[in-house]
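The values are calculated or read from the model by the stated rules, or taken from the named source; none is laboratory data. If you're wondering where the values come from, they're calculated on a predicted model, not measured in any experiment. Cβ coordinates were reconstructed from backbone atoms using ideal geometry, including for glycine residues, and neighbour counts include every protein chain displayed.
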Amino acid sequence: MDFQLDEAQTMLAEMSDRMGREQFAPKAARWDREHEYPHENVEALRRAGLLGMTIPKKFGGPERPLIDVVLAIEQIAKYCGVTARIVVETNMGALGCVMAYGSEAQQRELARRVLEDGDKPAIGMTEPGAGTDLTALKTRAVERDGGYVVDGTKHWITGGGISKTNLIFARVIDREGRDQGIGGILVDLGTPGFTIGRVEDAMGLRGIPEAELIFENCAVPAANLVVCDPKDGFKKLMNGYNAQRIGASSVALGIARGAHDLALEYMGQRVAFGKKLKEFQGLDWMMAESEMQLEAARLLVYRAACNARLLPNNVMLPQMKEASIAKAFTGHAAFEVVSESLQMFGAAGYSRELPLERMLRDVRMFQIGGGTTQAQLNMIARSIFPPG
Ligand SMILES: Cc1cc2nc3c(=O)[nH]c(=O)nc-3n(C[C@H](O)[C@H](O)[C@H](O)COP(=O)(O)OP(=O)(O)OC[C@H]3O[C@@H](n4cnc5c(N)ncnc54)[C@H](O)[C@@H]3O)c2cc1C
């Protein structure tokens, strides 16, 4: 077991930290305030080689391990949670599912879109009537005229309306009308019958739209089907999605680390009762507790990333239990750490003049999106109380 980063990883983390501090921090408040997607950051990330880091060499990617993506995300999230999420979605999520289970043509095309166009693939699972209980989803992909016709509505889809590539979870019905279980199908933005509905007025991470995707008689070629396996299709898709949980945890961890760093700095400056804040033992203990939470969260996230197992194509998928533990622990710990950091600033922390209030709103998401804390606890519980 080795807790040291190698030279290339140290350089990657330093570069990501520098980009975050110099390029992303100055405009982070603007994306939030204006509800604006940071296109210029996507291009900067693409040029720096931070999009599609996990894409296999045979498709033109650098094929870096999952832990490297985690290192980059954590550093960037200290300064801009929205931009860090773009790194997640261009390395994990839909990309992970397609790279693990898609056809070679799908993999090649998605690799090109991410690496050359900076496309941030979206993953459409959640529906108004199916969130934690995804098996209740109603969207259908019905085989017809040599292709599939998709009907249904997804909501809270990150990047909806921005992402050209959309991996949609749907119940697949074959041409004989037989239910083939839940599968994944790719639908490009602009396909007739695919429209964008309501965009959420979300509490945080407001620089990426959370949108409704509406499919009405939307015909796509048969070659767009990613997974169709009546026995294991849904399991495969959820497996493919596991890496996203590590990515989400890394964003939460980075936001919390960023807030903690700001608080430490402020405590060395702010004077009360003739002493600097850092000279009050009660406050030091609050920060020491936060430090422990951050270190524990980081170990869990790094472990899940390092233990990811290798699938064909060098796709790395974390184990379900490790990913769930990392996400449940980090989501909670990160929120507590940001809240304690904000507390160090007193009223100033509650003002929009400083980034703390935005960080608190942003970090709250990670106990919900990508599977709620309770959903993670269910998965952990299932692993310690196996069926039967
Ligand atoms: C910012 C953001 C981005 C998102 N991005 C995406 C995206 O890109 N793609 C996508 O498909 N979805 C996305 N989502 C949706 C997200 O995955 C769902 O919100 C989440 O899975 C929970 O579903 P729900 O909101 O329907 O809550 P529900 O499933 O209705 O749950 C409500 C409450 O009940 C609890 N609960 C439900 N079932 C159980 C149970 N069996 N045991 C214990 N507790 C339970 C939940 O934990 C929660 O507290 C996003 C959400 C947010 C907030």
Here the residues within the range 171-201 that are free of Cβ contacts under 8 Å to residues at least 12 places away in the same chain and within 22 Å of E89 (Cα to Cα) are D201
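Evaluate the following for Q23: is it in contact with a Ser or Thr (Cβ under 7 Å, 6 or more places away or on another chain) and among the polar types (S, T, N, Q)?
no
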Checked against (1) in contact with a Lys or Arg (Cβ under 9 Å, 6 or more places away or on another chain); (2) surrounded by fewer than 23 Cβ atoms within 10 Å (Cβ to Cβ); (3) over 26 Å from A222 (Cβ atoms), W156 satisfies every condition except (1)
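Residue-wise test of (1) assigned by TED's automatic domain parsing to the domain that holds T90; (2) within 15 Å of the ligand (Cβ to nearest atom); (3) not hydrophobic (A, V, I, L, M, F, W, C).
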position	(1), (2), (3)
I162	no, yes, no
I168	no, yes, no
G190	no, no, yes
I196	no, yes, no
E212	no, yes, yes
Within the range 336-370, tally of residues that are closer than 21 Å to S249 by Cβ, more than 16 Å from the ligand (Cβ to nearest atom) and free of Cβ contacts under 8 Å to residues at least 24 places away in the same chain:
1
Of (1) away from the ligand (no atom under 16 Å from the Cβ); (2) surrounded by fewer than 18 Cβ atoms within 10 Å (Cβ to Cβ); (3) within 27 Å of A29 (Cα to Cα), L299 fails just (3)
Got a sec? Which of V363, V337 is in a helix (DSSP H, G or I) and touching a His at 6+ places or on another chain (Cβ under 7 Å)?
V337
Here the residues within the range 135-160 that are within 11 Å of the ligand (Cβ to nearest atom) and outside any loop (DSSP other than H, G, I, E, B) are A136, K154, H155, W156, I157, T158
If you go through the range 70-79 one residue at a time, do you hit one that is closer than 26 Å to M365 by Cβ, buried (at least 24 other Cβ atoms within 10 Å of the Cβ) and basic (K, R)?
yes
Being modelled with pLDDT of 95 or more and within 16 Å of the ligand (Cβ to nearest atom), is that true of even one residue in the range 308-321?
no
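Pick out the one residue from A130, A136, A141 that is surrounded by fewer than 24 Cβ atoms within 10 Å (Cβ to Cβ), small (G, A, S) and touching a strand residue (DSSP E or B) at 6+ places or on another chain (Cβ under 8 Å).
Numbers: A130 fails: touching a strand residue (DSSP E or B) at 6+ places or on another chain (Cβ under 8 Å); A141 fails: surrounded by fewer than 24 Cβ atoms within 10 Å (Cβ to Cβ).
That would be A136, the only listed residue that is surrounded by fewer than 24 Cβ atoms within 10 Å (Cβ to Cβ), small (G, A, S) and touching a strand residue (DSSP E or B) at 6+ places or on another chain (Cβ under 8 Å).
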Based on what the data block shows, is A122 surrounded by 19 or more Cβ atoms within 10 Å (Cβ to Cβ), within 14 Å of the ligand (Cβ to nearest atom) and closer than 24 Å to R361 by Cα?
yes
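Would you mind stating whether I214 is more than 25 Å from T195 (Cβ to Cβ) and modelled with pLDDT of 95 or more?
Details: more than 25 Å from T195 (Cβ to Cβ): no; modelled with pLDDT of 95 or more: yes.
When the stated conditions are applied, I214 does not pass them.
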